[in-house]
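The values are calculated or read from the model by the stated rules, or taken from the named source; none is laboratory data. Keep in mind that this is a model prediction, so the values were computed, not measured. Here the Cβ is made from the backbone with ideal geometry for all residues, glycine too, and neighbour counts use every protein chain on show. What goes into the accessible areas is simple: the full protein's heavy atoms, side chains included, and nothing from ligands, DNA or RNA. Shrake-Rupley method; radii C 1.70, N 1.55, O 1.52, S 1.80 Å.
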Amino acid sequence: MDTGRIEKAIARGIELLGEFLPGAARLYFPLLHSVCVWAVRRIFNVRQEILAWQVWLEPEAIETKSDEFIASFFRRDERLRQSFGPELESEDKTALREAFAALYPVLGLEDVFLKDLFRAEIGSGEFRRIVSDFRSRIGRAIDDIAPALKETSLSRKLGALAREFASLGIHLLEDEDVQEMIIEGIRGKRIADGDA
Amino acid sequence: MPKKFGNGQRLAAPVLAGIIILAVSVSCASHLKKAKIYYARAGQEEAALRTERAVALYKLARFEASVEAEKDPSIQVFLVKGLAEVNLAMWKEAEASFVKAFALGHDPAQAWASDAALLGLAASFEAIGLDDSAGGVYENLMRNSKFRPAVMTSASKRTEAVLRKSLGLTPKEKGKALSALLRDLDKLIEDDYACGLYHYLASQVCGHSGDHERGYSEAVVARELGLSSEIILRDNDNQLVFCYKKLKDLLPSPEKEEFEARHAAWAARWGWPGPETPDWKKN
């Protein structure tokens, strides 16, 4: 397995997505991650596999947390405590639960895709924005991917890329390492584009 | 590129050799043998929290078993196929596979087929919003099934449903509902103590009932025994830290100091940078 070649293939994938989805860097991670996962599975139907992609939000587990656990989640983090000070003070359980549903997967469980999707808001501490944009931004990411995949040339090229990943032995790498390589590649592209 | 990938040194030679041996042996084996190898590997990947790879291997196991079933149907091949389908939550397909294994003479497969059918029914109830009906099916399976995957799925589903419902109940009603659920979970723990999931679920229930001491202990046991996905493991760690903080505030001296020392030992064992910071929390 040649990790250098895998990295180069990831970089080519980022370039390819840049051509088809210009200015939509937030979509590159889920797309490339899907291609890599799909390469591992060696099921070569790109469009179907990528459209089946979804973020595992564990809605049931999140809905069932106790009020005490939710309050502790907000109090534990200095920045969250400040942002949601009024709700914590007035013990507005409904508002805290609503915010928790968006913030727990991003900050509590550290879902790698969601962290990347809300990278800017996490950096600037705009947690209320994560809450207000949560569903719509995830929905938009999926909506934006679907039409791009109708482009047969994109599907074909992603297919070739997945075959290449499979032949390079990407399945021998840890998932977390593959994710890190994709994030590093996208970060490099953003810096090169002045979008860091 | 992170330095750790240089020359692929993260893959120790024995691991790489193992993978190569597996690949070579799989390529030479019959479809049934391949299905069994993929199924076994899927279990290992699942235990190592590599869920995506486990799913991929269960799919491969099912594919190979299906090819063999067409060519040379046997009890073994339908059992492997059915078990792979159970792990992929393909209840109807699993039921059909187990029925075929039963028809060929494997008696326990009849009960498994029936449990897979019930799980499919519960999933259909949920899909159309009949949560109470689904809850009844899960409760029945949780109490009566002898088929471990069906019991685990039902225990998870029922716990989620009861906890969700309990949020809107009066304290008295809530206490009653949580006690009944915990009694059923205790029975599962008694029968199958090594299943991390049951301890994780018990910890979640204790978090709601305010029994943070047991909530903490169950989360520790769940962590030690292992859980089926990274996301559940992380949620369990968060629960563990939550209970730890609660107990730290509640316990009087010298119990508090003893408890903190005990927790510090666990945290060191798990490689946590601090008592309230799991290893996966990077910031």
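May I ask you to derive the FRET efficiency for A:ARG128 and B:ASP72 from their Cβ-Cβ distance with R0 = 51 Å, giving the value to the nearest 0.05?
0.25
Between A:ARG163 and B:ALA261, what is the label-point separation in nm under the 7 Å Cα-to-beta-carbon projection?
6.5
Percent of accessible area on chain B owned by carbon and sulfur, 1.4 Å probe?
Of the solvent-accessible surface of chain B, carbon and sulfur hold 57 percent.
Quick check: from the Cα gyration tensor, does region B:60-115 come out rounded (a/c under 1.5), prolate or oblate?
oblate
Straight-line reach only, C-alpha to C-alpha below 20 angstrom: list the lysines that B:LYS165 could link to, leaving out same-chain residues fewer than 8 apart.
Once the sequence-local lysines are set aside, what remains near B:LYS165 is A:LYS65, A:LYS93, B:LYS157, B:LYS174, B:LYS176.
Testing the spin-label approximation: label points 7 Å from Cα along Cα→Cβ at B:ASP107 and B:SER229. State their distance in nm.
A separation of 3.7 nm, rounded to one decimal place.
Residue by residue through A:64-71, how many Cβ atoms from other chains fall within 10 Å of the Cβ on average?
Taking the mean over all residues of the peptide, I get 6.
Taking loop as defined by DSSP and a crowding limit of 11 other beta carbons within 10 Å, which trypsin sites (Lys or Arg not before Pro) in region B:174-283 fit?
Qualifying residues, ordered by number: B:LYS282.
Subtracting the Cα-Cα distance from 0.36 nm times the residue separation, let me have the gained length for B:ALA47 to B:THR170 in nm, one decimal.
Gain on stretching B:ALA47 to B:THR170: 40.4 nm.
Is region B:40-199 rounded, prolate or oblate when judged by the Cα gyration tensor, a ≥ b ≥ c being the square roots of its eigenvalues, rounded requiring a/c under 1.5 and prolate requiring a/b larger than b/c?
prolate
In nm, to one decimal, how far is the A:LYS8 label point from the A:ALA120 one, both placed 7 Å along Cα→Cβ?
3.4
If each DSSP helix of 4+ residues adds -39,500 (n - 2.57) and the sum is divided by the residues in chain B, what number results at 222 nm, nearest 500 deg cm²/dmol?
-26000 deg cm²/dmol
So, with +1 on the Cβ of K and R and -1 on the Cβ of D and E, and no other charges, what is the size of the charge dipole of region B:167-283 about its Cα centre, to the nearest 20 debye?
Using Cβ point charges on Lys, Arg, Asp and Glu, region B:167-283 gives about 340 debye.
Quick check: from the Cα gyration tensor, does chain B come out rounded (a/c under 1.5), prolate or oblate?
oblate
Quick one: Karplus J couplings for region B:191-202, per residue in order, coefficients 6.51, -1.76, 1.60, θ = phi - 60°, nearest Hz, x for Gly and Pro?
Residue by residue, region B:191-202 yields 6, 9, 4, 7, 8, x, 4, 5, 5, 4, 5, 4 Hz.
Mind checking how much accessible area B and A bury in total, 1.4 Å probe, in Å² rounded to 100?
Interface between B and A: roughly 3600 Å².
Cβ neighbours within 10 Å, averaged per peptide: list A:129-136, B:164-171 in order, most packed at the top.
A:129-136, B:164-171
With +1 on each Lys and Arg Cβ and -1 on each Asp and Glu Cβ, how big is the dipole of chain B about its Cα centre, in debye rounded to the nearest 20?
I would put it at about 700 debye.
Using only the Cα atoms, work out Rg/Rh for region B:167-283, with Rh taken as the Kirkwood radius, to two decimals.
Expressed as Rg/Rh, it is 0.99.
Tell me, what ³J(HN,Hα) does each residue in region B:244-257 have, in order and in whole Hz, if you take phi through Karplus 6.51 cos²θ - 1.76 cosθ + 1.60 with θ = phi - 60° and put x for Gly and Pro?
After applying 6.51 cos²θ - 1.76 cosθ + 1.60, I find 4, 5, 4, 5, 4, 6, 8, 6, x, 6, x, 4, 4, 5 Hz.
Between beta-carbons, use under 12 Å as the cut-off and find the net charge around A:LYS93, counting Lys and Arg +1, Asp and Glu -1.
Net local charge, A:LYS93 excluded: -4.
HN-Hα J couplings of region B:76-89 from phi, Karplus 6.51/-1.76/1.60, θ = phi - 60°, integer Hz, Gly and Pro as x?
Those phi angles translate into 4, 5, 6, 5, 5, 4, x, 5, 4, 5, 4, 5, 9, 6 Hz.
How many Cβ atoms of partner chains, on average, are near each residue of B:56-68 if near means within 10 Å of its Cβ?
Counting other chains' Cβ atoms within 10 Å and averaging over B:56-68 gives 1.
Within 10 Å of each Cβ in B:234-245, how many Cβ atoms from other chains are there, averaged over the peptide?
Whole-number average of other-chain Cβ neighbours for B:234-245 is 3.
Which angle between 0 and 90 degrees, to the nearest 10, do you get for helix B:13-28 versus the longest principal axis of chain B when only C-alpha atoms count?
Orientation of helix B:13-28: about 30 degrees from the principal axis.
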